[in-house]
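Q: This is the structure, below, for whatever I ask next.
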Amino acid sequence: MIIVTGADGYVGWPVLLKLAEEFPDERIVGIDNFARRKWVEEIGSVSAIPVLSPCERKKRLNESYGNVSLMEGDLTHRKTVETFIRVYQPDTIIHLAAQPSAPYSQISWDKAVYTQYNNNVSTLNLLWALKENNLTETHFISATTTGVYGAPEYPIPEGFFEIEYRGRRDLVPHPHMAGSFYHMSKCNDINNMWLAHRQWGLNISDVRVAIVTGATTEEARDELSTRFDFDFYFGVVTHRFCAQALIGYPITVYGKGLQGKPFVTLEDCVESFVELAKRDGKGFEVYNQTIGAVRIVDLAEMIRDAAMEEIGLEVEIRHVPNPRVEREDHEMLIENDNFKKLMGRLRDLKGAIRDIFSTLEGRKKVIEAYRDRFLPKDLLGGK
Ligand SMILES: NC(=O)c1ccc[n+]([C@@H]2O[C@H](COP(=O)([O-])OP(=O)(O)OC[C@H]3O[C@@H](n4cnc5c(N)ncnc54)[C@H](O)[C@@H]3O)[C@@H](O)[C@H]2O)c1
């Protein structure tokens with residue numbers, strides 16, 4: 001029995017569909033409170049790719065797969081989670097539910113508190129429900145983020161850090177140096193998961209997800225597509241740049257753009273969660289789910305070149321003042337041995353960018369209509 005939280009989300013929906021294909025004899029239940037749809041509406045944007053309504057998604061799952069369902073539920077409600085876990089007694093939980101936007105969490109006190117309450121209480125409720133139902137063998141697979149590491153000068157290890165202090169050595173969890181209230185919510189999640197593993201023996205795979213890039217997966221396409229956001233708050237950098245290029249808008253690099261950021265394709269992201277679901281949990285394992293870091297300026301050039309190759313469009317790269325507090329020249333070095341071992345081979349970013357261009361080609365009108373969502377108001381101006 002497999003539970004997927006956040007199953008209506010950008011990553012969760014394709015994960016649910018892939019599980020349905022790969023585990024035809026397993027009961028699979030997705031849960032979501034459909035909040036992501038409301039947040040994007042609240043900040044005045046839309047998914048560039050239309051997605052089925054929750055009702056239609058439920059219906060399609062019923063029609064296509066007898067063993068899969070999607071239900072509505074809020075993980076911050078303790079009773080909902082406790083009942084859910086007690087009834088289903090899952091062998092595996094893939095926990096993807098969260099408010100995942102750093103800029104959204106930085107808007108105001110309310111958004112920061114909402115993000116941390118939502119993310120941390122959801123995770124705590126799941127961990128406590130496992131403990132209280134004696135489900136210590138359940139494999140708890142959780143999406144955190146590579147953003148928890150901050151921007152150190154040394155190569156970032158996978159979760160653990162060997163330290164030497166006053167002649168003594170030890171292996172400790174890597175310090176958390178996140179740069180937003182959202183990213184800090186994931187640091188808090190990691191602390192709580194680590195504690196739950198240490199004190200109750202829960203088996204946890206902590207997947208530190210990089211910037212996920214891509215529009216489709218083998219299963220999530222056409223009518224069954226996942227969402228694709230391109231606005232300042234919910235569009236990740238690759239998606240914003242591709243949407244801008246697609247309509248001939250300048251690709252807007254924040255500041256110098258010399259900082260390296262870690263990426264992963266949507267296909268690999270989804271596949272690795274499904275791969276982990278095939279395995280038993282073994283203590284506390286960490287995966288840096290990334291193909292490695294790319295500098296933002298190099299990413300902008302990659303997307304500009306792809307725009308020329310794929311749609312014959314020449315686009316400008318424009319540097320704009322950086323709305324984020326971050327180092328603009330941090331060379332990110334990040335290790336990913338556990339992730340590579342899990343996956344075997346990894347897909348490259350260029351393929352994901354081509355996939356975005358071909359999927360969004362017919363959606364230019366929507367992007368054009370919402371182009372004022374690319375940047376915060378004070379950075380708009382010009383074209
Ligand atoms: N997409 C990325 O680039 C990226 C990068 C790093 C980490 N992550 C992490 O991966 C996971 C999936 O991200 P995503 O991009 O699919 O985000 P998403 O917002 O599309 O999906 C998260 C889903 O969780 C649901 N949700 C949120 N709070 C809930 C609650 N209290 N109860 C029930 N459902 C709730 C939302 O409605 C949404 O459908 C998140 O944990 C996110 O923090 C994503």
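Q: Quick one: dipole size for region 222-355, taken about the Cα centre, charges +1 on Lys/Arg Cβ and -1 on Asp/Glu Cβ, in debye to the nearest 20.
A: Numbers: 18 positive and 25 negative charges, 70 e Å.
Once rounded to the nearest 20, the dipole reads 340 debye.
Q: Using a cut-off of 9 Å between beta-carbons, work out the net charge of the residues near residue 129 (Lys and Arg +1, Asp and Glu -1, residue 129 not included).
A: Result for the neighbourhood of residue 129: +1.
Q: Would you tally the net charge around residue 63, using a Cβ to Cβ cut-off of less than 12 Å, leaving residue 63 out, and scoring K and R as +1, D and E as -1?
A: +2
Q: Next question, about the same structure. Skipping prolines and chain starts, which residues have an amide H placed within reach, meaning under 5 Å, of the one on residue 330, given they are 5 or more residues away or on another chain?
A: 259, 260
Q: Assign unit charges at the C-beta atoms only (+1 for Lys and Arg, -1 for Asp and Glu), then state the dipole size of region 312-379 relative to its Cα centre in Debye, rounded to the nearest 20. It would help to have the intermediate numbers written out before the result.
A: Values: 15 positive and 14 negative charges, 88 e Å.
That gives region 312-379 a dipole magnitude of about 420 debye.
Q: Label region 176-264 by shape, choosing from rounded, prolate and oblate, from the square roots a ≥ b ≥ c of the eigenvalues of the Cα gyration tensor; if a/c is under 1.5 it is rounded, and otherwise prolate applies when a/b is larger than b/c, oblate when it is not.
A: Because a/c hits 1.5 or more and a/b fails to exceed b/c, region 176-264 counts as oblate.
Q: If R₀ is 56 angstrom, what is the calculated FRET efficiency for the pair residue 151 and residue 89, using the beta carbon separation as r and rounding to 0.05?
A: About 0.85, to the nearest 0.05.
Q: Per DSSP H run of n ≥ 4, the term is -39500 (n - 2.57); total these for the chain, divide by its residue number, and report the mean residue ellipticity at 222 nm rounded to 500 deg cm²/dmol.
A: Mean residue ellipticity, 222 nm, calculated: -12000 deg cm²/dmol.
Q: Of 141, 306, 152, which is farthest along the charge dipole of the chain in the positive direction, counting Lys and Arg as +1 and Asp and Glu as -1 at C-beta?
A: Highest projection toward the positive end goes to 152.
Q: How would you classify region 2-377 from its alpha-carbon gyration tensor, with a ≥ b ≥ c the square roots of the eigenvalues: rounded for a/c under 1.5, else prolate if a/b is greater than b/c, otherwise oblate?
A: Oblate.
Q: Hey, got the dipole for region 2-377? About the Cα centre, +1 on K and R Cβ, -1 on D and E Cβ, debye to the nearest 20?
A: Charge dipole, region 2-377, about its Cα centre: 760 debye, nearest 20.
Q: Here's a follow-up. Kindly identify region 234-383 as rounded, prolate or oblate by the Cα gyration tensor criterion: order the square roots of the eigenvalues as a ≥ b ≥ c, call it rounded if a/c is under 1.5, otherwise compare a/b with b/c, prolate if a/b is larger, else oblate.
A: On the way: a/c = 2.21, a/b = 1.62, b/c = 1.37.
Since a/c reaches 1.5 and a/b is larger than b/c, the shape of region 234-383 is classed as prolate.
Q: Take every DSSP beta bridge with both residues inside the chain and express the antiparallel ones as a percent of the total, to the nearest 5.
A: For the chain, the DSSP antiparallel bridge percentage is about 20.
Q: Provide the FRET efficiency to the nearest 0.05 for the residue 121-residue 318 pair, computing r from the beta carbons and using R0 = 51 Å.
A: Working from the Cβ atoms, E equals 0.80.
Q: Would you mind counting up the charge near residue 36? Only other residues with Cβ under 12 Å from its Cβ, with Lys and Arg at +1 and Asp and Glu at -1. Write out the running numbers ahead of the final one.
A: Numbers: positive: 37, 38, 227; negative: 8, 32, 41, 42, 229.
Charge balance near residue 36 sits at -2.
Throughout, read-outs are computed from the coordinates displayed, never taken from laboratory work. Bear in mind the structure is a predicted one, so any value in this text is a computation, not a measurement. We place every Cβ from the backbone using ideal geometry, glycine too, and count neighbours over all the protein chains shown.
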